[in-house]
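Trainee: There's a structure below that I have some questions on.
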Amino acid sequence: MLSNGLIISFTFGYLALLFAIAWYSERSASRGKKLSSNPYIYALSLAVYCTAWTYYGSVGRAATNGIEFLAIYIGPSLVAPLWWVVMRKIIRISKVQHISSIADFISSRYGKNITLGGVVTVFCLLGILPYTSIQIKAVANSFDILQYSELSQNLISYPFYQDTAFYLAMGLALFTVLFGTRDIEATAQHEGMVMAVAFESIFKLIAFITVGVFVTYFVFDGFADIISQASLRGLDHLFVLQGENGISEWFWMSILSMMAVLFLPRQFQMGVIENNDEKHLDKAMWLFPAYLLLINVFVLPIALGGLVQFPLGTVDADTFVLALPIAYNQGWLAMIVYLGGFSAATSMIIVSTIALSNMVSNNLIMPILLVNDNLKVKYQHKLSKIVLRIRRVSIFVIIILAYVYYKEISTQFSLVSIGLISFVAIAQFTPAIIGGIFWKKGARLGALFGIIGGFLLWFYTLVIPTMVTAGYVAPGILQNGLFGISGLKPTSLFGFQEMSYVTHGLFFSLSVNVILYVVISLFSTQTSKEHNQAVVFVDIFKYSTSLDSSIIWKGQAYLPDLKALLHNFLGEEKTQEVLMDFSIRTGRTIGTQNFADPELVNYSERLLTGIIGSASARIMVASVVHEEEISMAEVLGILRETQELKSLNMALKQKSKELKKASEKLQKLNETLRLNDMLKDEFISTVTHEMKTPITSIRAFSEILLDEDLPEEDKKRFLDIIIQETNRMTRLIDQVLDLERFDSGRQELNLEKSDIRILILQATESMLQVFKEKNIDFNIEIGYDDLQLLVDEDRIKQVILNLLSNASKFAKHKIVLKTFLKDRDLYLQVLDDGKGVPEEEAPYIFEKFFQAKNQTSKKPIGSGLGLAISKKIIEYHGGKIRVFKESGMTCFEFTLPLQFEHNLILQSKTDDEQDTDCR
Amino acid sequence: MNKILIVDDEPNILLSLEFLFKKEGFLVFIARDGEEAMGIIEENHPDLVILDIMMPKVDGYEVCKHIKENNNEVKVVFLTAKSKRQDVQKGMDLGADLYLTKPFSNKDLVSKVKSIMN
């Protein structure tokens, strides 16, 4: 259909695009901008779950089993809400403990056990290799179909050097090595890889939806048309669940996929290791199921469309997605579909291979190297290089093995069946993991035997039959059972025949696994180290901040040894950096003593765990330090202490917070008191100063009168002055006392219903003479007729008089008294055309002795208490007083509330403010 | 005849001092604020100035500073209600010859002023 060269160039072009995306994202990350750190990319990267199996295989399965294919996607969607409980815990544990793979997770939980890590790694390889190989198969098949428009499966088998699939596999291996093994730390995140995978997730989704739309709306006339045509051909059974069996199939398939979506190595890699922030789970919890829904919308239409379109058996249902566009001569659409399938396959291969290579290096090869003393001595100083080399080599080996498997075996099976067999293999880790994070008693031996037992059954019930089909095992075992015992037939153990092949295998392997795990755990005792890890795993949210002090370690460690060890793996610069980090975090200085404390030992072990895995790290650390055996009692004791210390610490923190608050309050209060005191001092000093002026005059004239023989006229004049000054003094004393009473709240108002108009006229009367003398034009504007208000008549008069008298001192030619009603208040304004109050002084003008504030530039005339008293009086009446400029005139204005109740309420409010209003 | 300038913004105090020093045979000038005082000093060259501190426009300290900067022969006597130690210190630092506080004894004031002038 399309030329070989064209397809190859598009394929490698696509691969080049992946390289470009990965390279660009890594560069961007190295400049501090991490593109992957958001929940959307995180959810997309989780969609690595949808492989070529989804892309091609779902349609294949739908064509034979109907909507059953959905179970594999419903499981993960159902379990997604539980991620917050399970996934978050696994993420926290892995981040805190520097865990880099599922094998490391299990090994670390069960006492950093080498055997367990190795077993898990081997089983992962066994389970995932076929799965990887079917991805290669899918790519190769689709490539051939696209090239020859050959819709049947009988293709010519090329030797590998002529096989495009081989070169594609090598290209992927190269990509994986480049973007997956940059950093020696297995826990390091692979920004470029994540971004490339996220891109692939988008691409495969778009490609699949495109072909879905094409089939549904261009080949057929929408969903209804496809279904009615399929119905005509007797395909109704594909639309519904099939009987009782169907339901239990659904149940088991959903359970299976729930486990797979959490524990498949590639899911663990993307969901845990590459997770940037636990909070991203929030959104991923619904984004990921939404993705699954979208990519499955068109599965059934395409399957039915294919069944309607192609005569039964002429075209493999796994290839409908591609076959349909080709059949309708849509070359470019076929190309897009092909690339979509390619992207689904490649993302799985890349991520799985990285995860597997980490396990192989850290849980398989490193421990072997480190346990053997000869090897260890030989390679001690280039371990870090070796680790990286092992990973790179194993990536190539894994991919080549997958390729070989594809060539030799996998052509015999459909995509889905191999995928499901892989799922069942991975499901064997579930008891050990879930038990491990929720059940402290879960023990190493239980986990080990559970996993091994589960795998044996997996192999017997699921793998043996495939080997029979492939011709490696004589078919007798299937018909007659092992040793001719019919109860041991691999596909129907103990005569169970109702279940399908995969469900049967899952049921037996998982049951045996769980039983062994639980029973053996119950009857075995954990070592102290193992129990320690168990407690830290199960209660991770309690320990995650104090981990280094929660891992109990006793012994002697020489600092130089420990440093040398870190050095070997991290290099000099990084070692310095991490030690600095440690001392900043713990507040301890490193290097002052020759011994390393237990926390530093634990910290170093954790760092190494991130590089070579927990079991290997344990061996390395143990080899450079002198350790003492710790009893279980000690572990329990110290763990309890850590917890108690922590809660004590928290209580102390709370106390100190409260204390701080109280002391702040006190300080504030003290500040207020001090300020009050200062104001009082200032007031007294000002009052005494003000009093000295009249006293000085009185004394001076008294002495003159006493000493001199004066003419009658002078005598009278001087005596007059003395009387005048005495009056001034009396007035001052009265005002001070007045103010003091207002200030302390002891002043009482003599409230009476008064006619305000009359009150105002009476108040102004005494000033009329003064205005006349000063030649000031005086006007009164009253904006209401009859107004009765409850006020202290004398006090309000005092205020009006004070304002008028002030105005008379400053006015040039004109003074106006305006009064009116607005809203619920009476307004009274006194305006004069004098120079006014400077704006910056306006806020202070109502303070006592304001004029004296400016120390030396003295008041014009008056005691300096008038406005302060006026303000108090108005406030006691529930009103307000202020000064402002209005059309060139200075305006002093006060308000009085019109309502009696209002009046009283505000009055009491003003009383309350007394205490706080000391500025 | 000895020339004396009395500066105070209180008319009654001004009146009593004027009366007192005229009686003692001084040629008396009076000023009601610092600005007026500086004008009179410029024009009439008094031998001694009796200075209040708190006054409108220009205060007593400023006047003293002005005098000492231009013509240090004029004696300065502060006569003020400000009696805090730091106020006295400030006055003396500005070069005043005497610092007296209100209220004062007439006899005491006259004798101190006389002794300074001799």
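Every read-out reported here was derived from the displayed coordinates using simple, explicitly stated rules and does not represent laboratory data. Since this is a predicted model, take the numbers as computed values, not measurements. Positions of Cβ are backbone-derived with ideal geometry, glycine not excepted, and every protein chain shown enters the neighbour counts.
Trainee: Is the C-alpha gyration tensor of segment B:3-112 telling us rounded, prolate or oblate? Criteria: a/c under 1.5 is rounded; beyond that, a/b larger than b/c is prolate, otherwise oblate.
Mentor: Values: a/c = 1.35, a/b = 1.08, b/c = 1.26.
Because its axes are fairly even, with a/c under 1.5, segment B:3-112 counts as rounded.
Trainee: Per-residue mean of other chain beta-carbon atoms within 10 angstrom of the beta-carbon, peptide B:55-62?
Mentor: On the way: counts 3, 6, 2, 2, 5, 1, 2, 2.
Counting Cβ atoms of other protein chains within 10 Å of each residue's Cβ and averaging gives 3.
Trainee: A further question on this structure: So if R0 is 56 Å, what FRET efficiency would A:Y328 and A:F541 give, r being the distance between their Cβ atoms, rounded to the nearest 0.05? Walk me through the intermediate numbers first.
Mentor: On the way: r = 56 Å, r/R0 = 1.01.
Calculated value: 0.50.
Trainee: Just the number, please: percent antiparallel of the DSSP beta bridges in the protein assembly as shown, rounded to the nearest 5. The partial results should precede the final answer.
Mentor: Values: 30 of 54 bridges.
For the protein assembly as shown, the DSSP antiparallel bridge percentage is about 55.
Trainee: While we're here: Provide a whole-number value for the mean count of partner chain Cβ atoms within 10 Å of the Cβ atoms in peptide A:714-725.
Mentor: Values: counts 1, 0, 0, 1, 4, 0, 0, 4, 1, 0, 1, 3.
Taking all residues of A:714-725 together, the mean is 1.
Trainee: Between A:E886 and B:K112, what FRET efficiency comes out of the Förster formula 1/(1 + (r/R0)^6) with R0 = 45 Å and r the beta carbon distance, rounded to 0.05?
Mentor: Values: r = 53 Å, r/R0 = 1.18.
After rounding, the FRET efficiency stands at 0.25.
Trainee: Count, for each residue of B:98-104, the Cβ atoms from other chains sitting within 10 Å of its Cβ, then give me the mean as a whole number.
Mentor: On the way: counts 0, 0, 0, 2, 8, 12, 4.
Average per residue, whole number: 4.
Trainee: Which of the trypsin sites (Lys or Arg not before Pro) found in segment A:1-105 are loop residues per DSSP with 11 or fewer other Cβ atoms within 10 Å of their Cβ?
Mentor: Numbers: sites: A:R27, A:R31, A:K33, A:K34, A:R61, A:R88, A:K89, A:R92, A:K95; in loops: A:R31, A:K33, A:K34.
Counting only loop positions with at most 11 other Cβ atoms within 10 Å, the trypsin sites (Lys or Arg not before Pro) in segment A:1-105 are A:R31, A:K33.
Trainee: Going by average Cβ neighbours within 10 Å, how do the peptides A:78-84, A:326-332 rank, with the highest at the top? Spell out each step's value before the answer.
Mentor: Numbers: A:78-84: 16.4, A:326-332: 14.9.
Highest to lowest by the protection proxy: A:78-84, A:326-332.
Trainee: If you take the square roots of the eigenvalues of the alpha-carbon gyration tensor of segment A:561-610 and sort them as a ≥ b ≥ c, do you get rounded (a/c under 1.5), prolate (a/b over b/c) or oblate? Walk me through the intermediate numbers first.
Mentor: Values: a/c = 1.38, a/b = 1.37, b/c = 1.01.
Cα axes put segment A:561-610 in the rounded bin.
Trainee: Which entries of A:K835/B:K57; A:K378/A:K529; A:K665/A:K880; A:K812/B:K3; A:K680/B:K65 have Cα-Cα distances beyond 26 Å here?
Mentor: Long pairs (Cα-Cα over 26 Å): A:K378/A:K529; A:K665/A:K880; A:K812/B:K3; A:K680/B:K65.
Trainee: With a 10 Å Cβ neighbour count serving as the proxy for reagent exposure, in which order, fewest first, do A:M270, A:M691 appear? Each step should come with its number before you reach the end.
Mentor: Working: A:M270 27, A:M691 17.
Fewest-to-most ranking of A:M270, A:M691: A:M691, A:M270.
Trainee: Sorted by mean Cβ packing within 10 Å, highest first, what order do the peptides A:198-207, A:166-175, A:51-60 take?
Mentor: The packing order, highest mean first, is A:51-60, A:198-207, A:166-175.
Trainee: How far apart, in nm, are the 7 Å Cα→Cβ label points at A:K812 and A:D785?
Mentor: Computed distance between label sites A:K812 and A:D785 equals 4.0 nm.
Trainee: Now a separate question. Full extension from A:S805 to A:Y827: what is 0.36 nm times the residue separation minus their Cα-Cα distance, to one decimal in nm? Display every interim value, and only then the final one.
Mentor: Working: separation 22, 0.36 × 22 = 7.92 nm, distance 1.87 nm.
Full extension of this stretch gives 6.0 nm more.
Trainee: Could you work out how far apart the two model spin labels at A:N676 and A:D734 are, taking each label as a point 7 Å from the Cα in the direction of the beta carbon, and quote it in nm?
Mentor: 3.0
Trainee: Would you order A:E599, A:E781 from fewest to most other beta-carbon atoms within 10 Å of each residue's own beta-carbon?
Mentor: On the way: A:E599 19, A:E781 10.
If I rank by nearby Cβ atoms, fewest first, I get A:E781, A:E599.
Trainee: Roughly what would the spin-label model give for A:K716 and A:D755, points 7 Å off Cα along C-beta, in nm?
Mentor: 4.3
Trainee: Which trypsin sites (Lys or Arg not before Pro) in segment A:253-313 sit in a loop by DSSP (not H, G, I, E or B) and have at most 12 other Cβ atoms within 10 Å of their own Cβ?
Mentor: Numbers: sites: A:R266, A:K279, A:K283; in loops: A:K279.
Within segment A:253-313, the qualifying trypsin sites (Lys or Arg not before Pro) (loop, at most 12 other Cβ atoms within 10 Å) are A:K279.
Trainee: In what order do B:F19, B:F26 fall by count of nearby beta-carbon atoms within 10 Å, going from fewest to most? Spell out each step's value before the answer.
Mentor: Details: B:F19 18, B:F26 23.
Going from least to most buried by this count: B:F19, B:F26.
Trainee: Quick check on packing: order B:97-110, A:706-719 by the mean number of other C-beta atoms within 10 Å, highest mean leading. Could the numbers behind the result be given before it?
Mentor: Numbers: B:97-110: 17.4, A:706-719: 11.8.
Top of the packing list down: B:97-110, A:706-719.
Trainee: Report the local net charge at B:V74: Lys and Arg +1, Asp and Glu -1, summed over other residues whose C-beta lies under 10 Å from its C-beta. List each step's numbers first, then the result.
Mentor: Numbers: positive: B:K3, B:K68, B:K75; negative: B:D47, B:E73, B:D97.
Overall, the nearby charge balance is 0.
Trainee: Here's another thing I want to ask about it. Counting Lys +1, Arg +1, Asp -1, Glu -1, what net charge surrounds A:T525 among other residues with beta carbon under 14 Å of its beta carbon?
Mentor: Numbers: positive: A:K440, A:K441, A:R444, A:K529; negative: A:E530.
Charge balance in the 14 Å sphere: +3.
Trainee: If you take the square roots of the eigenvalues of the alpha-carbon gyration tensor of the protein assembly as shown and sort them as a ≥ b ≥ c, do you get rounded (a/c under 1.5), prolate (a/b over b/c) or oblate?
Mentor: Values: a/c = 3.62, a/b = 2.64, b/c = 1.37.
Prolate is the answer for the protein assembly as shown, as a/c is 1.5 or above and a/b outweighs b/c.
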